[in-house]
Amino acid sequence: MAEISYRQALHDTLRSEMQRDENVFLIGEEIGIFEGSYKITAGLLAEFGPMRVRDTPIAEEGFAGVAIGAAMLGLRPVVEFMTINFSLLALDQIVNHAAKIHAMFGGQSSIPMVIRTPGGGGQQLAATHSQNLEVWYAHVPGLKVVAPSNPADAKSLLTAAIRDDDPVLVLENLSLYNTKGEVPDGEQLAEIGTAAVPREGNDLTVITYSRGVRIALEVAAEFAKDGVSIEVVDLRSLRPLDRRTFCESVRKTSRAVVLEDDWLSYGIGAEVAASVQEGAFDYLDAPVRRVAAAEIPLPYSKPLELASLPDGAALSKVIREVLDATRFGR
């Protein structure tokens, strides 16, 4: 088992899936000669040629539509948007076509298409390039949305997405590209729609995904020094959402905090909190609390940007408030 970066895990998975299935091809801006804005596609043009690594003009709606048409004819396109913010230009293709064609044509045609795109803040890219828009896509029936938090999941979830017969969005937080972790050798295929429990505990559950998982694990390790046992649930898949796993966790711990990088209102955290209300209400000792980004366009100023995003201190504060409210340890 090798320790590699999140970026390398994505690259290696694309390469191995292109070697395995000649129907898999890549399409997007600057993914060929320039090798991708974040170098995920480095070397793939040289290895597979321009028919399978397709550079495109700056025309997101156009090449998203090309990918949908190719998928309808039996190919397996992997679209790369430079950032999730640019995917807004292809929203009609994604929401009104990729997501709906299978149902609207009575199942006669599937869209085995992947959309890979980075998102999130913390890189001083200002308000229009630092957004977390995952909830926009997780809201739409017909789309699947995954958000791996570590290199091993980046490999197994991207593999599953490429082999899926439905359109799948793979969301990659910018802050994770250089993070490292152990990745099992050989084929790894995750089941889309299943959450993971990277840390077990008994006193409180933190439910999160993507970058939030790293924050939650660090905070849980700090609380453990004081004898507080925190369980961390990594959603991994935002649609379908594995409600059973996080509700079972809350039934065990009786306390829940949801952590997300997105804005608080109408977000993934709101969906998770409502699901806990429906699935574990009788087990709760305190209301479900949420930790999220400030409700503002993300500032360019580094200090203001960092102050806008949730961090370990913000999560710890809310966890402590929940524990104190339920007279934990007294």
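The values are calculated or read from the model by the stated rules, or taken from the named source; none is laboratory data. Values in this document were obtained by computation on a predicted structure and should not be read as measured data. Neighbour counts are summed over all protein chains in view; Cβ atoms, including those assigned to glycine, are modelled from backbone coordinates with ideal geometry. Accessible surface is based on the protein model in full, side chains and every heavy atom, while ligands, DNA and RNA are left aside. Shrake-Rupley method; radii C 1.70, N 1.55, O 1.52, S 1.80 Å.
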Please report, to two decimal places, log10 I(q)/I(0) for region 83-226 at q = 0.09, 0.11, 0.12, 0.18 Å⁻¹ as given by the Debye formula with identical point scatterers on the Cα atoms and no solvent.
-0.33, -0.48, -0.57, -1.12
Counting only backbone N atoms under 18 Å from a point 7 Å out along Cα-to-Cβ of residue 285, the residues of region 298-330 in range are 316-330
May I have the extent of the alpha carbons of region 29-76 along their three principal axes, as whole Å values ordered from largest to smallest?
28, 22, 14
Rough spin-label spacing in nm, given labels placed 7 Å along Cα→Cβ, for residue 139 and residue 229:
4.0 nm
Among 132, 45, 254, the residue whose Cα sits farthest towards the positive end of the charge dipole of the chain (+1 at Cβ of Lys and Arg, -1 at Cβ of Asp and Glu, taken about the Cα centre) is 254
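Placing +1 at every Lys and Arg Cβ and -1 at every Asp and Glu Cβ, with all other atoms neutral, what dipole size does the chain have around its Cα centre, in debye to the nearest 20? Write down the numbers at each step before the final one.
On the way: 31 positive and 45 negative charges, 88 e Å.
Dipole about the Cα centre, nearest 20: 420 debye.
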Candidates 140, 53, 78; GNM for the chain (alpha-carbon contacts under 10 Å) flags as most fluctuating 140
For labels at residue 103 and residue 88 in the simple 7 Å Cα→Cβ model, what's the distance in nm?
2.5 nm
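Could you please report the charge total around residue 10, scoring K, R as +1 and D, E as -1 over all other residues with beta-carbon less than 12 angstrom from its beta-carbon? Show your work: numbers first, answer last.
Details: positive: 7, 15, 39, 116, 155; negative: 12, 17, 80, 153, 172.
It works out to a net charge of 0.
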For semi-axes √(5λ) of the Cα gyration tensor in Å, one of (1) 54, 36, 17; (2) 35, 20, 19; (3) 43, 21, 15 was computed from the structure I shared and the rest are decoys. Which label?
(2)
With a Cα-only, solvent-free Debye model of region 262-330, what are the log10 I(q)/I(0) values at q = 0.17 Å⁻¹?
-0.74
Based on the Cβ-Cβ distance from residue 218 to residue 126, what FRET efficiency comes out when R0 is 25 Å, to the nearest 0.05?
0.40
Per the rule of 0.36 nm per residue minus the C-alpha distance, extending residue 294 to residue 15 adds in nm 96.6 nm
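Quick one: putting +1 on the C-beta of Lys and Arg, -1 on the C-beta of Asp and Glu, what dipole do you get for region 206-330 around its Cα centre, in Debye to the nearest 20? Provide the component values of the computation, followed by the final result.
Working: 17 positive and 19 negative charges, 45 e Å.
Dipole magnitude for region 206-330 comes out near 220 debye.
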Quick check for you: which residues of region 188-223 have the amide N under 16 Å from the point 7 Å beyond the Cα of residue 325 toward its beta carbon?
204-207
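Solvent-accessible area per residue for the chain at a 1.4 Å probe radius, Å²? Present the calculation step by step, with values, prior to reporting the outcome.
Numbers: 14210 Å² over 330 residues.
Per-residue value: 43 Å².
Report the gain in length on full extension from residue 194 to residue 251: 0.36 nm times residue separation, minus Cα-Cα distance, nm rounded to one decimal. Numbers along the way, then the final one.
Numbers: separation 57, 0.36 × 57 = 20.52 nm, distance 1.80 nm.
Extra length available between residue 194 and residue 251 comes to 18.7 nm.
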Tell me, what is the FRET efficiency for residue 51 and residue 307 to the nearest 0.05, using R0 = 35 angstrom and their Cβ-Cβ distance as r?
0.15
